[in-house]
Amino acid sequence: MIRVDFSLPVEFQEISLETAAKAGEEAEPAGDASQVMRRVSRFLTDVGVLYAADCLHTFEGRPSLGSLAVAVVDQPYGRSAVTAARGAVHAVLGSRGGSWSGRVVHAPCGPAAVFTGGRTQTLPTPLAPHAGTGPIEVSTAQFHAMIPIPPAAADGEGQHMCLLVFSTPQPAHWEKCYAPVVAGVLRSLRFSGDGRP
C-alpha cells in the first residue's frame, strides 16, 4: 500500500472517513444528516481518498473556509512521469475552458501537473442557507494537482497518481491565504510503500 505524507497547517481539521461512515451506520432512518455523512464517506473511500480536512477560520476579519482532499488512484501513465504530467495539463485544460490555467511544476516529490480555476455550483433549495429563497449559486476557487507516484513507492502495485484537491467558497481569499498553504503541501508531499498517511 502506498503511504502519502505531507505537512498541513494546524488550522485544518481532519475529516475522519471511518468515523463518518460509522456515524451513518448508527443513524436513524434515511434522511438523517448522518446518513448523508455515511454516503459521502463511503463515496470518498471508494474513489481513493486517503485524507480529507476542512479549515474554518477568520481571514482579514471575515470567516473563511477551505477544504482539502488527497487521493491515490490507479492510473497507468507510461514510462515518463514528466510526459504524464504534461499530458495531464493538456487534457485537463482542454476540458475545463479558459477560466482555468495549468502547468507542470517540479516538486520535491516529482513532476506535478497543477491547475487553478473556479467553478460555480448551484445549491438546491433544501441546502440553501435561507429556506424558501430558492436555489443559490456558490462560486469556488480551486486548486488541483496530479502527481505520478514513483514506481519505488508503488511497491510493485502498478502505476498510480496522487490527486490533491483544494477548494474555497471565498475566491477573494485564494491568493493571500490559501495559495501559500497548498504550495506548502505540494512541497512537503512524500511517497513511500509502507501504508496509509
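The values are calculated or read from the model by the stated rules, or taken from the named source; none is laboratory data. The shown structure was predicted, so the numbers you read here are calculated from the model rather than taken from an experiment. Heads up, the Cβs are rebuilt from the backbone with ideal geometry, glycines too, and the neighbour counts pull from every protein chain shown. What goes into the accessible areas is simple: the full protein's heavy atoms, side chains included, and nothing from ligands, DNA or RNA. Shrake-Rupley method; radii C 1.70, N 1.55, O 1.52, S 1.80 Å.
Taken over region 144-197, the criterion of being more than 29 Å from Thr120 (Cβ to Cβ), part of a helix (DSSP H, G or I) and either aliphatic (A, V, I, L, M) or open to solvent by less than 10 Å² (accessible area, probe 1.4 Å) (or both) is satisfied by Ala152, Ala153, Ala154. Scanning region 142-159 for any residue that is under 21 Å from Phe59 (Cβ atoms) and in contact (Cβ under 8 Å) with a residue 24 or more places away in the chain turns up at least one such residue.
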